[in-house]
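Engineer: I'd like to ask you about the structure that follows.
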């Protein structure tokens, strides 16, 4: 089965009555948790981005508290899981500022977690990739924000 493009789907949805669109949205929400989370963001959190960021930071804090630091293997698995959750929430928001805030916060929590990042090649590479993502996202922002975030990033990489 060939999937239609986004523009074709948009045109088709615009021709449907409100009740049909609502029914389709509810079907999407029922079958996948990510669809439900995205709809939740769009309906309730998109209007207050800072509160959304703070909520995610709280979830990141909780996840970092749950990390098993006794074994580096389990710590790496947990850190990858936290990063996966963080990037999922970043995808919901289309704001670069949200992306930069959350990735910087993740990197700060990782650095301050007490886990030896630089002794593990995979964790070191993971950390460095996130720093590169932050740099790329910062370049697309306004100059004043760029300066603020670059100074924050300098503190992180020292």
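What follows is calculated from the coordinates using simple rules that are stated; it is not laboratory data. Predicted, not measured: the structure shown is a model, and the values here were computed from it. Using ideal geometry, Cβ is built from the backbone for each residue, glycine included, and neighbour counts are taken over all protein chains shown.
Engineer: Mind listing just one residue for me: the one in segment 59-80 that is in contact (Cβ under 8 Å) with a residue 24 or more places away in the chain and in a loop (DSSP other than H, G, I, E, B) and, of those, nearest to residue 46 (Cα to Cα)?
Structural biologist: Going through the qualifying residues, I end up with 67.
Engineer: Here is a list: 79, 134, 138, 104. Which entry is more than 14 Å from the chain's Cα centre (by Cα) and more than 30 Å from residue 25 (Cβ to Cβ)?
Structural biologist: 138
Engineer: Could I ask something else about it? Within segment 35-50, which residues are assigned to a helix (DSSP H, G or I) and surrounded by 11 or more Cβ atoms within 10 Å (Cβ to Cβ)?
Structural biologist: Of everything in segment 35-50, those that are assigned to a helix (DSSP H, G or I) and surrounded by 11 or more Cβ atoms within 10 Å (Cβ to Cβ) turn out to be 35, 36, 37, 38, 39, 40, 41, 42, 44, 45, 49.
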